[in-house]
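Visitor: Just dropping this structure here.
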Amino acid sequence: MQLFDGARLYSAEVGGRTLSFETGVLAQQAGGAVTVRYGDTVLLATATMSKDVRPGMSFFPMTVEFEEKLYAAGRIPGSFFRREGRPSEQAILVARLVDRPLRPLFPKGMRNETQIIITALSSDGENLMDPLAISAASAALHISDIPWMGPVAASTIGFVEGEFIVNPTADELARSNLNLTAAGTRDNILMVEAGAHELPEDLMLEALKLSHEAMQPVLDMIEQMHADVGKQKSDVMLFVPEISTLEAVKDAATAKVAGVIAQGLNKHDRKDALSEVQAELDESFADAYEGEEVSQQDVSDAFDSVVKETIRRRILDEGIRPDGRATDEIRSISCQVGRIPRVHGSGFFMRGETHVLTIATLGTPGDAQRLDTLQPADEKRYLHHYNFPPYSTGEAYPMRGPKRREIGHGALAERALLAVIPPDYPYTLRLVSEVMSSNGSTSMGSVCGSTLALMDAGVPISAPVSGIAMGLIQDQETGMYKVLSDIQGLEDALGDMDFKVAGTEHGITALQMDLKIKGLDFAILTQALNQAREGRLYILNKMLEVLPAPREELSDYAPRILSTSIDPEKIGKLIGPGGKVVRGLQEKYGVKIDIEEDGSVFISGEGAAADDALAEVDQIMEEVEVGKIYTGTVVRVEPYGAFVNILPGVDGMIHISQLADYRVGKVEDIAKLGDELTAMVISEDNGKVRMSRQAVLEGWSVEEAQNADKGGGGGGRRSSGGRDRDRRGGGRRDRR
């Protein structure tokens, strides 16, 4: 590729293929801009920061956008407007994946609006965009004028036929037992997102270590870019309390905060008690506020620091958590199934103050979600939707549809259960988790609720799945740390790690980790995984006490699906001209018929109607078999013989000499229109079917009938619309 003046190109071998970065050409007015290429997948990442801080801004306003342009794959959007609109769920998930490892590395107290935009310019459908988006965003930030303590890089690991693969292609990933994307710095892992088919903890650790090794050449490139073309970092105002303010607040509030925390109150009582302490603190600083010697926001931030430090020290020094639990103790668990009538399945999971109600709905294959994205898949037959209403935290605010967090949590729970759904299960499954009460790890509560709902619905999952959220409190100066099992909301907010692990008794099915510190030692990670296994197995046992296995029968309100398979080359025969045949079957029996490209046919309906429709499908696809005896209706009479309809679209001719075991004078003496005759097929040649009624009456073999056939009069032909079919039509039949 020709380079423009001022362009800089960097490349390295990663996963056996060339990964390259280019800067200096596209988006030159952005704070930093980098184009990454891997195969024919090309992404542009830009990072830009506002120079001023909006008045009243009390948090770091960073946003990450992933622009999924369908021109990248040579496609025009399928929407009415033929242009991209709101981001797809996949685009939102990629944006969240990029955000998570970048955010912890910005200076504490930064308030300048920062925006990272990743645009998909080209997609080859093979090289995954997720790790490329993280690495490109990191490179754009690192060479920009934005203060940031990077860089980070990312890689994806697969596990195919007992071997790990770095940055697997889409085809390899489809055969993989692992899909792990991790991001990290030179020394540590920062973020992990993984789905697996019950992978043991030791193999997951190996994958994480390999992922970190694979990041190193990418980090080398980013560092070289920074040395060559990196901009001077801007000086920004950091909104942190003055040391004097922090010390004054510590002196005034530490003892009172410690007294509140020592009571082991529940979420809302503790919040109310701390609010009273803060109100007393504000009253003591009233004169300072009035004289503008210190701002109320600084005192509030300092108070939050005191609360955080008090709780963390108590955990580190005494091993006691805010609610009085030990570090590896799980909150009380209650479960219930079948709580909601009429739905196909329901599971209610309660862990402490985290309560999740999950509803399972079974649909037909035609209910699958169609995808119009740059991801390899074009449809989904297993869906999980997660809802986090305001009442779940005792709040009130406008509801405007699912937020990015809800989409992310739903995707995590979906990934956790996907490994145990039978691959040939004919139903489309939709799970909806309604968070009724929240105090930590509702996503893992959704995993547990989904397992219960699926088993209650009678879905034959291969193994039940449970999930747990792990936390970490670490003293960065001494290295002292405590790993926490089943973290609640407060421990998530003030802790250093949110590490979610879901799986069966055999291994991990989903894993998600986010850090607020610069990295995590593998020794801590090993302990977290082992402690998580103990915790999730404890939770799983509690769930199985309520429902030990999937119900043997589906709900009375769920559709019944029968299935068969036909030769894919004969699909057109079942569909018929303009869909005439399949539509006729659906109208005749009141069923829904879905036909897959591989020849799978699914018939959903109620009672005997589905059975009757399946029987007729089998008849339509059945091939005429020489030597087989058929009973059919006379549809045409000629002087030389009678034509009998023996299969849909297939007529066989019985010559007058084969109509009886005696000489027949006229065909009408034996066969009139509408009569039913039983005869043996004695030959089939290019659609001409000859039959013998005499063979049935005499008890002849097919060879004897063929020898006795006098010929003449021509053979029977397939009726209009019939097509040649090979012997594979009909196929096997499964009842679901």
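The values are calculated or read from the model by the stated rules, or taken from the named source; none is laboratory data. Everything numeric in this text was worked out from a predicted model, so none of it was measured. Here Cβ is always computed from backbone atoms with ideal geometry, including for glycine, and neighbour counts include all displayed protein chains.
Visitor: Does region 601-615 hold any residues that are more than 13 Å from ILE575 (Cα to Cα) and without any contact (Cβ under 8 Å) to a residue 60 or more places away in the chain, and which are they?
Guide: Selection gives ILE603, GLY605, GLU606, GLY607, ALA608, ALA609, ALA610, ASP611, ASP612, ALA613, ALA615.
Visitor: State which residue is surrounded by the most Cβ atoms within 10 Å (Cβ to Cβ) when the search covers only region 268-313 and only residues that are outside any helix (DSSP H, G or I) and of a type in the set (Asp, Glu). Full working, then the answer.
Guide: Residues of region 268-313 outside any helix (DSSP H, G or I): 285, 291-295.
Next, from what is left, pick out any that are of a type in the set (Asp, Glu): 292-293.
Values: GLU292: 7, GLU293: 11.
It comes out as GLU293.
Visitor: Looking at SER485, SER450, SER433, which is the one that is over 22 Å from PRO548 (Cα atoms) and either among the hydrophobic types (A, V, I, L, M, F, W, C) or crowded, with 18+ Cβ neighbours inside 10 Å (or both)?
Guide: One residue alone meets the criteria, SER485.
Visitor: Quickly run through region 191-231 and pick out the residues that are over 19 Å from SER135 (Cα atoms), assigned to a strand (DSSP E or B) and in contact with a helix residue (DSSP H, G or I) (Cβ under 6 Å, 6 or more places away or on another chain).
Guide: The answer is GLY195, and nothing else.
Visitor: Another question, then. Of the residues ASP669, ASP661, which single one is over 21 Å from THR633 (Cβ atoms), modelled with pLDDT under 95 and of a type outside the set (Phe, Trp, Tyr)?
Guide: Only one candidate qualifies: ASP661.
Okay, residues lined up against (1) hydrophobic (A, V, I, L, M, F, W, C); (2) farther than 30 Å from VAL483 by Cβ:
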| residue | (1), (2) |
| --- | --- |
| ALA286 | yes, yes |
| GLY291 | no, yes |
| GLN296 | no, yes |
| VAL299 | yes, yes |
| SER305 | no, no |
| ARG312 | no, no |
| ASP317 | no, no |
| ASP323 | no, no |
| SER332 | no, no |
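Visitor: Continuing with this model, one more query. For the structure I just gave you, tell me whether LYS482 is part of a strand (DSSP E or B), at pLDDT 95 or above, over 24 Å from the mean Cα position of the chain (by Cα) and not aliphatic (A, V, I, L, M).
Guide: Spelling it out, LYS482 is indeed part of a strand (DSSP E or B), at pLDDT 95 or above, over 24 Å from the mean Cα position of the chain (by Cα) and not aliphatic (A, V, I, L, M).
Visitor: Give me the residue from region 504-531 that is assigned to a loop (DSSP other than H, G, I, E, B) and not charged (D, E, K, R) and, out of that set, surrounded by the most Cβ atoms within 10 Å (Cβ to Cβ).
Guide: Once the filter is applied, the top-ranked residue is THR504.
Visitor: Count, please, the residues in region 169-191 that happen to be in contact (Cβ under 8 Å) with a residue 40 or more places away in the chain and either surrounded by 24 or more Cβ atoms within 10 Å (Cβ to Cβ) or touching an Asp or Glu at 6+ places or on another chain (Cβ under 8 Å) (or both). Quick ask: steps written out before the conclusion?
Guide: First, the residues of region 169-191 that are in contact (Cβ under 8 Å) with a residue 40 or more places away in the chain: 169-171, 173-174, 180-181, 183-185, 187-191.
Those left that are additionally either surrounded by 24 or more Cβ atoms within 10 Å (Cβ to Cβ) or touching an Asp or Glu at 6+ places or on another chain (Cβ under 8 Å) (or both): 169-171, 180-181, 183-184, 188, 190-191.
Qualifying residue count, region 169-191: 10.
Visitor: Could you check region 509-543 and list, in sequence order, the residues that are of a type in the set (D, E, K, R) and under 21 Å from ALA196 (Cα atoms)?
Guide: Here is the first cut: in region 509-543, the ones of a type in the set (D, E, K, R) are 514, 516, 518, 521, 533-534, 536, 542.
Residues satisfying the conditions are ASP514, ARG533, GLU534, ARG536.
Visitor: Here is a follow-up. Give THR41, THR23, THR63, THR35 a once-over and let me know the one that is of a type in the set (Ser, Thr, Tyr), surrounded by fewer than 14 Cβ atoms within 10 Å (Cβ to Cβ) and touching a strand residue (DSSP E or B) at 6+ places or on another chain (Cβ under 8 Å).
Guide: None of the others qualify; the one that does is THR63.
Visitor: Condition check: buried (at least 18 other Cβ atoms within 10 Å of the Cβ) and either within 23 Å of the chain's Cα centre (by Cα) or assigned to a strand (DSSP E or B) (or both). Does ALA47 satisfy that? Spell out how you get there, then give the answer.
Guide: Details: buried (at least 18 other Cβ atoms within 10 Å of the Cβ): yes; either within 23 Å of the chain's Cα centre (by Cα) or assigned to a strand (DSSP E or B) (or both): yes.
Yes.
Visitor: Considering only strands (runs of 3 or more DSSP E) fully contained in region 53-163, which possess at least 1 residues that are without any contact (Cβ under 8 Å) to a residue 60 or more places away in the chain?
Guide: 62-67, 153-160
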